[in-house]
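The values are calculated or read from the model by the stated rules, or taken from the named source; none is laboratory data. The model shown is predicted, which means the values in this text are computed figures rather than measured ones. Counting neighbours? That spans all protein chains shown, and the Cβs are built from the backbone with ideal geometry, glycine included. Surface areas here come from the heavy atoms of the whole protein model, side chains and all, with no ligands, DNA or RNA. Shrake-Rupley method; radii C 1.70, N 1.55, O 1.52, S 1.80 Å.
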Amino acid sequence: MLQLQTYLLLLLTGIMWGGVYLLMASGLNLIYGVMKVVNLAHGDFIVVAGLLAVTLYGAFRAGPALAIPVATLLFLLVGGLVYRGLLARVETTAPQGELRTLLITFGLSSIISNIALLIWGGQYQSVPFFQSAVHLGALFFPESLLVSSLLAFALAFAVQLWLTRTRSGRLVRATAQSELGAASCGLNTGRIRLLTFALGAAMAGAAGALTVVLIPVQAASGGFMTVQAFTLIALGGLGNYLGALLAAILLGVIEVSSSYFLGASAASAVIYVIFILVLIVRPQGLLGQRGRI
Amino acid sequence: MALFQRLRAPRRPIGHALIACLLLIALALSACASSTSGGGASSSAPIRIGFSITETGPQSAPAKFDLQGYQLGADAINAQGGLLGRKVQLVYYDDQGSASTAVQLYQRLITSDKVDLLVGPYQTDLTSAIAPLVTRYKMAMPAMAANLEPFSGRYPYLVQSITQTPRYMIPVIDLAATKGYKTLALLIQDTAFPLELAQGIKQEAAARGIRVVFEATYPADTNDFTALVLKAGAAKPDMIIGATYLADAEGIIRAARASNVNAKLFAFSIGPVEPEFGSALGNAANGILGTTLWFPTLKTAGNAEFVQNFRARFGRDPDYHAAMAYATMQALAAAVKMAGSLDQTKIRDAYLKLDLQTVAGEFKLNNLGQQLGYQSYVLQWQNGKQELVWPPAVATSPVQLPHPNW
């Protein structure tokens, strides 16, 4: 009985971590799905939003309830500015377009993380919120994990609804399917790309302001977070919303359970072994084209 | 990059090569000139102490304390009349936390700047990287590298000026033995410092009759500690001890609290010693034990004055890194005075013979240059503040144990 309880706990904890990983990856996924741009500064957006939450806590004892809207709005603006100031100014459709955007966002990542280092220093930072346990029957869950994953799944659901049920969402999907086609139907694809990048950045901001209660960040953590997020969306099929959800849950459950049964050092190896296997067997990702934006 | 330059070199017009040769000759001549003039003016020119330090990059926060400790230490030497009748002057560069950069910088310090004395950079990794170079040039160098690897006999000119890693948590085990705790779960980050630290914990635990009932390592980038903490808790240990840094110590406490995993004592190597541990965990930090190598209230020689001067000069409180760096300068001054010259072999021998009371405690080495004198201390978060709790003779507050259930 006790064993069964532990297994259930591991499974649910894994699903919740999946939610957290999904939250951290969904902005990247949206931007790639629509624009075919891998935003290498994504992790740095998350980190700066997290550090901003730490500062807000230090100054006003303000929790995620304030930090999340502030970070979301700030990064909506940052995303818009980055698009207008940088990405809109390079030819992204040319054969070397993807390479150019990679270089630009890589440079941006470097600039952001070093500015963050100047402002916040190199120490790991976190804030004391949602620290208690939530009881579900005899099971205990970290409150921070529960809140983060609920928000993550809600956000994923909302984005899915937006993309499939609203006019602006359909415009975004039309642009994702064929930019040329969308433009020739009279859509302002430049504006749609601007909107997408700003939203993707805002999602990173929200993720950072929330997950800092769970994962301490320092100025240089961004690179690793980008890699984690990219692994997740590549596993699900780049730009694929359902695939990312599936991959997130899979990664979370595998990480937690292999860390329990095989040891924590084996867990990270297991994840990348699975990643490599998926890339060999299904290079288009778990769901591939189905469920694409 | 170097490869490209070599490939391209033959294609350069001959004029460039000629200019390069001339420049080289000029450089060599000027180097000779400066070294002779340096030799001639040795009675009045300052003694130059060289090092690299991580002024920028993710590791820069503790390294800046090291730098300020060195600076204050050099000031103190000059205030007392300098060394061998000469002032001292620091010559340093930013290594950005990169081992290969540190190697280049120490090469430059030794061969181009021709500094008179060396002290070490921040971190064991960087010290290990420059150790062969420093040894090749036979430069005596005190280094704040806690792991024993650079001081295992291969690099006889390096001496250890920080508490050695295996001793970091000995006082925690001593405290536990005093309280009669018998079993221990050990969580170890899978990197060099925590691994060596864990060996020290296990040795001391065995010597004090404490059993290790659970032991596991985890990678540095672990986010979720739930599984680890559940398994540790299943062994029902009296104590959960982590050989950790800051982020993982916080992760373990968060997971233990959320999964309701209890123990009479929670202790971590690095983590609780950082002020961020308290701000990140809030009330959950209270009752947690950590180790530190120095504390502002310690009655070590000149400590109160050091704290006061540090505040006056830099506008913030020193931490243990700063104290260790300041003490390194104290040891350097004593060794040079004992050697009576800048002869590196004599200075090295002087370090090995030193028995000096510094702000960080007693500086005393064995014949391999390993630090035997420096201790470590146990602190505990109480009411949102760090208090020194063990050993009792230096405690600022009585230790609060056992840790209550979450």
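Structure summary
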item: Student exercise, the protein assembly as shown dipole from Lys, Arg, Asp, Glu Cβ charges, in Debye to nearest 20; result: 1180 debye
item: Rounded to 10°, Cα long-axis angle of helix A:264-281 versus longest principal axis of chain A; result: 40 degrees
item: Computed E for B:Arg136/B:Gln199 - FRET, C-beta separation, R0 25 angstrom, nearest 0.05; result: 0.25
item: Residue-span extension gain [B:Lys346 to B:Arg208] - 0.36 nm each, minus C-alpha spacing; result: 45.6 nm
item: Estimated inter-spin distance, B:Lys182 and B:Lys337, nm [label 7 Å along Cα→Cβ]; result: 5.3 nm
item: Relative compactness, the protein assembly as shown, computed as alpha-carbon Rg over 2.2 N^0.38 Å; result: 1.07
item: Residue among A:Gly85, A:Ala41, A:Gly14 farthest towards the positive dipole end of segment A:2-281, charges placed on Cβ; result: A:Gly85
item: Degrees separating the helix B:14-40 axis from the principal Cα axis of chain B, which is the longest one; result: 80 degrees
item: Whole-Å distance, taken between Cα centres, linking segment A:1-31 and segment A:186-264; result: 13 Å
item: Fraction of antiparallel bridges per DSSP, the protein assembly as shown only, in percent to nearest 5; result: 40 percent
item: Calculated FRET efficiency for the pair B:Leu84/B:Asp190, C-beta based, R₀ 56 Å, to 0.05; result: 0.75
item: Segment B:327-406 and segment B:252-269: distance between their alpha carbon centers, rounded to Å; result: 29 Å
item: Under the Karplus curve 6.51 cos²θ - 1.76 cosθ + 1.60, θ = phi - 60°, whole-Hz ³J(HN,Hα) for segment B:100-106, x wherever Gly or Pro sits; result: 5, 5, 4, 4, 4, 5, 5
item: Debye, to nearest 20: dipole size of segment A:2-281, +1 on Lys, Arg Cβ, -1 on Asp, Glu Cβ; result: 720 debye
item: Pair A:Ser265, A:Gln177: separation of 7 Å Cα→Cβ label points (nm); result: 5.1 nm
item: Chain pair A, B: total accessible area buried, heavy atoms, 1.4 Å probe, Å²; result: 2700 Å²
item: In segment B:140-211, trypsin sites (Lys or Arg not before Pro) in a DSSP loop with at most 13 other beta-carbon atoms within 10 Å; result: B:Arg154
item: Segment B:204-259, dipole about Cα centre (Lys/Arg Cβ +1, Asp/Glu Cβ -1), debye to the nearest 20; result: 280 debye
item: Highest-first arrangement of A:101-110, A:120-129, B:393-402, where packing means the average Cβ count within 10 Å; result: A:120-129, A:101-110, B:393-402
item: In nm, spacing of pseudo-spin labels at A:Phe157 and A:Tyr7 (7 Å Cα→C-beta vector); result: 2.8 nm
item: Two-site FRET efficiency, A:Leu77 against A:Phe224, from Cβ-Cβ distance with R₀ of 41 Å, rounded to 0.05; result: 0.95
item: Cα-based helix-to-principal-axis angle, A:241-261 vs chain A, degrees rounded to 10; result: 30 degrees
item: Ratio Rg/Rh, restricted to segment B:273-406 and using Cα atoms, in which Rh is the Kirkwood radius; result: 1.07
item: Chain lengthening between B:Ser112 and B:Asp355 when straightened (0.36 nm per residue, less Cα-Cα); result: 84.1 nm
item: Per-residue mean of C-beta atoms belonging to partner chains within 10 Å, peptide A:205-217; result: 2
